[in-house]
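Structure, as structure tokens:
Each reported figure results from applying straightforward, stated rules to the coordinates on display, with no laboratory input. For clarity, every value in this text was computed on a predicted model and none was experimentally measured. Here the Cβ is made from the backbone with ideal geometry for all residues, glycine too, and neighbour counts use every protein chain on show.
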Amino acid sequence: MTDLTSLTIAEAREGLASKSFTARELTDAHLAAIEAARVLNAYVLETPDRAREMAMAADVKIARGDGGPLAGIPLGIKDLFATRDIRTTACSKILGNFIPPYESTVTSQLWRDGAVLLGKLNNDEFAMGSSNETSCFGPVTNPWRREGSNTTLVPGGSSGGSASAVAALLCMGATATDTGGSIRQPAAFTATVGIKPTYGRCSRWGIVAFASSLDQAGPIARTTRDAAILMRSMAGHDPKDTTSVDIAVPDYEAAIGKSVKSMKIGIPREYRLDGMPAEIEKLWSEGAQWLKAAGAELVEVSLPHTKYALPAYYIVAPAEASSNLARYDGVRYGLRDPGKNIIEMYENTRADGFGDEVRRRVLIGTYVLSAGYYDAYYLRAQKVRTLIKKDFEDCFAKGVNAILTPATPSAAFGIGEKGGADPVEMYLNDIFTVTVNMAGLPGIAVPAGKDTQGLPLGLQLIGRPFDEETLFSLGEVIEQAAGRFTAPKWW
Ligand code: GLN
């Protein structure tokens with residue numbers, strides 16, 4: 001039998017149905033792989049007992065013929081999703097011992113469909129970061145290394161644990177969240193597929209909030225098809241999230257392999273940055289040629305407000321974060337550091353519980369929302385946001401079906417290499433991804449090639465609102481042309 005951990009979800013689904021192996025065997029293979037890969041620090045909590053229990057329940061259902069679309073498929077869950085009776089921390093000391101009495105809507109839908117929980121995955125503290133280095137559990141290691149080097153690289157962030165675990169075969173797929181790029185950038189750094197759905201497609205209920213008008217859940221998987229399979233279970237209307245949209249969930253998998261003939265693909269000229277590495281340029285034009293070869297039409301488009309997206313994001317996101325994080329005051333959740341009165345207790349708890357990056361965001365957010373600065377920063381950023389959204393609308397109004405861009409401005413970098421002296425250096429990672437969150441659009445990152453050092457690079461496709469299907473069809477074309485990339489095992 002081939003190693004069960006290297007199967008795709010689609011292959012495992014078939015193997016389970018044909019009784020080539022059981023869900024329990026599939027889960028045990030993953031639990032063993034997780035144990036042998038602790039050096040990657042992808043999981044912050046392993047739940048082997050729960051996993052075996054769920055796998056055995058799946059086996060019973062599969063035998064009865066009512067297994068559900070994800071029956072017996074072992075998944076990892078980003079530690080931002082509340083899991084009932086299972087510690088959920090957002091990788092922050094302030095939530096260090098929080099055990100939710102409820103389950104997030106997205107994860108409850110995965111369990112409804114028969115998936116198995118292997119454990120909780122590492123991420124940047126409160127999902128703030130692009131390298132997974134701000135986690136209170138320490139950084140995650142990317143299973144990919146530069147050829148001939150054993151320098152430890154970051155997997156990207158904030159969903160670094162999800163991307164690393166999927167790439168290292170420590171789960172068949174993972175949940176992730178994306179506020180400014182946290183699904184797509186780590187996917188690009190690890191040769192995995194990640195999709196941020198349209199804002200409102202997946203319920204945010206039970207997901208630790210970072211910036212509520214930008215946050216969206218989505219899957220990270222090893223193939224476009226697997227991402228489509230997971231999306232179908234994760235998406236859907238939820239009355240508990242007022243921003244969740246009541247539109248039927250399509251069979252995303254049916255979009256895999258669908259013709260992309262005569263689709264119009266926009267190539268935005270503003271994404272051609274000064275000093276962009278030649279290999280990113282090359283990857284981008286190669287991707288465009290693959291789509292053209294499949295029958296799509298390439299058109300140059302303009303998104304003139306792109307250059308304001310990053311600065312505007314770093315006002316809007318911290319503003320919302322400062323408000324969302326006000327609830328961690330030592331009273332209701334997690335950590336409490338005593339003080340001589342309630343104010344001192346708040347101060348002690350928050351000073352002790354939040355890491356540097358989170359504190360920076362709270363300070364920026366409070367500042368841009370304060371009287372006298374609100375109009376100059378927050379309000380202006382909101383106006384910029386409207387213009388960014390309009391750029392995309394104008395583009396789609398001209399018949400463009402999707403927009404092709406690089407996913408990241410570089411390949412994975414070393415742990416400790418970026419953002420030490422200047423946080424903006426880290427923020428620049430999101431240059432190609434934040435516009436999509438600002439506009440509420442769906443975006444997928446698909447592995448497309450490697451750089452000269454053998455590290456994976458990804459391309460991004462941006463779609464019309466609620467047209468994730470087109471992204472899956474186009475993503476599949478790129479995947480078929482580029483092939484799949486597996487990290488050589490060294491751990
Ligand atoms: N890197 C971005 C930030 O730090 C985006 C993070 C995310 O998408 N959660 O805000």
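Data overview
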read-out	value
Positive minus negative residues near Gly419 (Lys, Arg vs Asp, Glu; Cβ under 10 Å)	-4
Estimated translational D of the range 83-199 in µm²/s (Stokes, Kirkwood radius over Cα pairs; 37 °C; 0.692 mPa s)	225 µm²/s
Asp329 long-range amide H proximity, modeled H, under 5 Å	none
Full-stretch length increase - Asp246, Tyr367 - with 0.36 nm per residue and alpha-carbon distance subtracted	40.0 nm
The range 430-483: radius of gyration over Cα atoms, expressed as a fraction of 2.2 N^0.38 Å	1.22
Ellipsoid equivalent to the range 177-330 - semi-axes via the Cα gyration tensor, in Å	30, 23, 14
Cα-based convex hull volume of the chain per residue, rounded to whole Å³	141 Å³
Estimated vicinal HN-Hα couplings, Hz - the range 141-155 in sequence order (Karplus 6.51, -1.76, 1.60; Gly, Pro = x)	9, 6, x, 7, 10, 5, 4, x, 10, 10, 4, 7, 9, 7, x
Cβ charges +1 (Lys, Arg) and -1 (Asp, Glu), total dipole of the chain, debye	320 debye
Mean Cα-pair separation over length for the range 184-254, i.e. relative contact order, pairs under 8 Å, 6 or more apart, %	32 percent
Amide hydrogen neighbours beyond the local backbone of Gly119, cut-off 5 Å, H modeled	Thr47, Ile77
Over the chain, relative contact order from alpha-carbon pairs under 8 Å, at least 6 apart, %	17 percent
Which of Ile229, Ile342, Ile315, Ile247 has the fewest Cβ neighbours within 10 Å, and the rest in rising order	Ile342, Ile247, Ile315, Ile229
Gyration tensor verdict on the range 205-284 (Cα atoms; rounded if a/c is under 1.5, prolate if a/b is larger than b/c, oblate otherwise)	oblate
Fewest-first ranking of His30, His237, using other Cβ atoms within 10 Å as the exposure measure	His237, His30
Sites Gln382 and Asp356 - FRET efficiency at Förster radius 30 Å, r taken between beta-carbons, to 0.05	0.65
Distance (nanometres) between label positions extended 7 Å along Cα→Cβ at Arg327 and Asp3	4.0 nm
Cut-off under 5 Å, modelled amide H: who pairs with Glu297 long-range	Ser262, Met263, Lys264, Ile265
Estimated distance in nm for a label pair at Glu393 and Lys61, the labels positioned 7 Å out from Cα along Cα-to-Cβ	4.2 nm
In sequence order, calculated HN-Hα J values of the range 116-126 (Karplus, 6.51, -1.76, 1.60; Hz; x Gly/Pro)	10, 8, 8, x, 9, 9, 5, 7, 5, 3, 6
For the range 138-181: rounded, prolate or oblate by the Cα gyration tensor [a/c cutoff 1.5]	oblate
Fraction of the pair-distance distribution of the range 297-449 above 23 Å, Cα-Cα pairs, percent	52 percent
Antiparallel %, DSSP beta bridges [both residues in the chain], to 5	70 percent
Cut-off 12 Å (backbone N to label point 7 Å along Cα→Cβ of Ser20), residues of the range 29-67	none
Lysine pairs in the range 1-121 with Cα atoms under 18 Å, if 8 or more residues apart or on separate chains	4
Partner lysines for Lys258 [C-alpha distance under 27 Å; skip if fewer than 8 residues away on the same chain]	Lys196, Lys282, Lys292, Lys398, Lys450
Cα gyration tensor category, rounded, prolate or oblate, for the range 9-160 with a/c compared to 1.5	oblate
DSSP beta bridge pairing in the range 1-151, given as percent antiparallel to the nearest 5	45 percent
Distance between modelled label sites at Arg269 and Gln289, nm, 7 Å Cα→Cβ extension	2.3 nm
Ranked list, fewest to most other Cβ atoms within 10 Å of each Cβ, for Ser262, Ser108, Ser20, Ser203	Ser262, Ser20, Ser108, Ser203
Phi to ³J(HN,Hα) by Karplus 6.51 cos²θ - 1.76 cosθ + 1.60 over the range 166-181, Hz, x for Gly, Pro	5, 5, 8, 6, 9, 5, 7, x, 9, 8, 8, 9, 9, 10, x, x
Against the rule of thumb 2.2 N^0.38 Å, how large the Cα Rg of the range 18-89 comes out	1.19
Mean Cα-pair separation over length for the range 282-352, i.e. relative contact order, pairs under 8 Å, 6 or more apart, %	16 percent
